[in-house]
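Here's the structure, in structure tokens; my notes come after.
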Amino acid sequence: MSETIEKLERLDKKRKEHEKKEIERSSIYLKIFRANRATGEQAHYDTVEVPVQRSTTVLDALLYAKGYKDHSIGIRYSCRMASCGSCGMKINGIPRLACYTKVSELYGDTITCEPLSNFPHIRDLATDFTQFFEHHKDMQPYIQNENADIKDPSKLSEFVQSPEDVDKFLQFSYCIKCGCCYSACPTVAMDTKFPGPQALAQAYRYFADSRDAATEERLELVDDRHGIFRCHFAGSCSTVCPKGVDPALGIQLLKGHMLGYSSNEKKIADLKERLMRK
Amino acid sequence: MEATDRNNREGLKAWLNPSRYGAERISYWLQRLTGVGLLGYFIGHVYETSSLTQGPDAWAAMLELTQTPMGHMILLLVIGMSTFHSANGIRLIFTEGGKGLGKPGRPDYPYDAVSLNYRQKSGIWIALILAAAAMLFGASVLFGGE
């Protein structure tokens, strides 16, 4: 109980420190990257002045600019509450969610908005996520267990998981696929075949799930020339993640299992079960 | 439209600019930079020692080059690079095996990544301090006089 109170006090202190850093302004300049690759339009920046309040997010400011200054600005967004992961973009050079970044958190009178790096560019602030989602799909992001046959309902069974079991993967299941980690990763920037932090963290998410039985297959998927060992722990993915997923942690833990540093608790549980049966 | 037309990859620029993402990214940059530097030194060292095959005079002439202030500065840089690369490399051997990173949990706002903890930052600072100390010791030996 005292630990929980201490944790809450610590979080409250952090929040207050965060609020102290806020900068009050009545207006800002948005410097927006503009280009349309389909028409061959050259890349340039448009600067627009936007009125802001303490709670204005970068997405609010962009939508104001789109609504009242220039209707042709291309942005992708949906939920406006950091749940859908659509509005990822580089804000002042760092990948962030526009709906989750308040203008008052950013220094300077000019805020630069650019499309996410490492994604093929479409138009203005919109990028193509096809390859990113392909990498995600390659990791087979679903539970694989012969007792959980979705085609035959009679085979379905209940899986028991303790809260401790859930804690091992829950953090990684908070990923909203916004692409901020993929954009910040220096390995993705150099290697097009590298799955990226998002996909590898998902590989760990299912690997660590006690319901999943495809451990060997998952390890084979990531153990490739362009696979998990191309990650050299720059930590940028975890720095920019807006949901606290910490992809770098999942990737290093998975590497630890592959190198034999960490004990695979699923294997131990399996062995125990076999011994019990004997 | 070809995908290459829309290419927006950062490429080499991504690791040449470490300023945006914190201490771990700077350490990543330094590890690569010192690695490339040490590779350059290794090639130079092989070239230097290969002069032995041309006789004692050629070897002595080559050694003369390293006994200049510029030669000493290069050696100092090599001492710093090798110390940082080794110390930070030892940290990375543990880190990349999942050691010293903490455990997955339930993240609370404002999110602080568990993996980018004080152990990592301390490890980076220790590597930097060791490199500086080794360079100071090297400087005292190389420039300390007779």
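Kindly give Rg over Rh for segment A:130-277, based on alpha-carbon atoms, with the Kirkwood expression for the hydrodynamic radius.
Here the Rg-to-Rh quotient is 0.99.
Testing the spin-label approximation: label points 7 Å from Cα along Cα→Cβ at residue B:50 and residue A:109. State their distance in nm.
6.0 nm
Once segment A:2-127 is represented by equal point scatterers at the alpha-carbon sites, with solvent omitted, what log10 I(q)/I(0) does the Debye formula produce at q = 0.10, 0.15, 0.21 Å⁻¹?
-0.36, -0.71, -1.21
Multiply the residue separation of residue B:118 and residue B:57 by 0.36 nm, subtract the distance between their alpha-carbon atoms, and state the gained length in nm to one decimal.
Net length gain for the segment: 16.6 nm.
Pop a pseudo-label 7 angstrom from the Cα along the beta-carbon direction at both residue A:27 and residue A:225 and give the gap in nm to one decimal.
That separation, rounded to one decimal, is 5.7 nm.
Order A:225, B:6, A:123, most accessible first, counting only protein heavy atoms with a 1.4 angstrom probe.
A:225, A:123, B:6
Given N residues in chain B, what is its alpha carbon radius of gyration divided by 2.2 N^0.38 Å?
That ratio works out to 1.43.
Residues of A:115-123, mean number of Cβ from any other protein chain within 10 Å of their own Cβ, rounded to a whole number?
4
On C-alpha positions alone, give me the angle between the axis of helix A:196-207 and the longest principal axis of chain A, in degrees, nearest 10.
30 degrees
Considering the dipole of the protein assembly as shown built from charges on the beta carbon (Lys and Arg +1, Asp and Glu -1) around the Cα centre, which of A:79, B:90, A:219 is farthest to its positive end?
Sorting the options by dipole projection puts first A:79.
If a cysteine in chain A has no other Cys Cβ under 4.7 Å from its own Cβ, put it on the list, ordered by number.
A:87, A:99, A:113, A:175, A:178, A:180, A:185, A:231, A:241
Select from chain B the helices, each a whole stretch of DSSP H, whose alpha-carbon atoms run 18 Å or more along the helix axis and whose Kyte-Doolittle mean is at least -1.0; answer none if there are none.
Taking the DSSP H segments of chain B (at least 18 Å long, mean hydropathy at least -1.0), we get B:23-50, B:69-95, B:118-142.
Go ahead and set up a Gaussian network model of chain A, Cα springs under 10 Å, then flag whichever of A:146, A:17, A:49 fluctuates most.
A:17
Using a 1.4 angstrom probe, figure out how much accessible area the protein assembly as shown has per residue, in square angstrom, rounded to the nearest whole.
Accessible area per residue, the protein assembly as shown: 55 Å².
Keeping all protein chains in position, work out how much accessible area residue A:190 exposes to a 1.4 Å probe, and write it in Å² to the nearest 10.
90 Å²
Put A:218, B:119, B:32 in order of accessible area, largest first, 1.4 Å probe: what do you get?
So the residues, ranked largest to smallest area, are B:119, B:32, A:218.
Given the pairs A:102/A:255; A:14/A:66; A:193/A:243; A:66/A:137; A:90/B:121, which are separated by over 29 angstrom at their Cα positions?
As for pairs spanning more than 29 Å Cα to Cα, those are A:102/A:255; A:14/A:66; A:66/A:137.
Rounded to the nearest 0.05, what FRET efficiency do residue A:71 and residue A:276 have when you use their Cβ-Cβ distance and R0 = 56 Å?
0.25
Name the most mobile residue of A:60, A:124, A:167, meaning the one with the largest mean-square fluctuation, in a Gaussian network model of chain A with Cα contacts below 10 Å.
A:167
Only helical DSSP H runs with n ≥ 4 go in: add -39500 (n - 2.57) per run for chain A, normalise by residue count and round the 222 nm mean residue ellipticity to 500 deg cm²/dmol.
Calculated from helices alone, the mean residue ellipticity at 222 nm is -11000 deg cm²/dmol.
Share of antiparallel DSSP beta bridges in the protein assembly as shown, in percent to the nearest 5?
Looking only at bridges with both residues in the protein assembly as shown, the antiparallel portion is about 80 percent.
Using all Cα-Cα distances in segment A:131-187, what percent lands in each 10 angstrom bin from 0 up to the longest?
16, 35, 33, 14, 2
Sticking to Cα atoms, compute the Rg of the protein assembly as shown to one decimal and its Dmax as the biggest Cα-Cα distance, whole number, in Å.
Expressed in Å, the Cα Rg and Dmax of the protein assembly as shown come to 25.7, 88.
The values are calculated or read from the model by the stated rules, or taken from the named source; none is laboratory data. Bear in mind that the values here come from a model prediction, so they are computed numbers and not experimental data. A quick note on method: Cβ atoms are made from the backbone with ideal geometry, for glycine too, and the neighbour counts reach across all protein chains shown. Heavy atoms of the whole protein, side chains included, go into the accessibility calculation; ligands, DNA and RNA do not. Shrake-Rupley method; radii C 1.70, N 1.55, O 1.52, S 1.80 Å.
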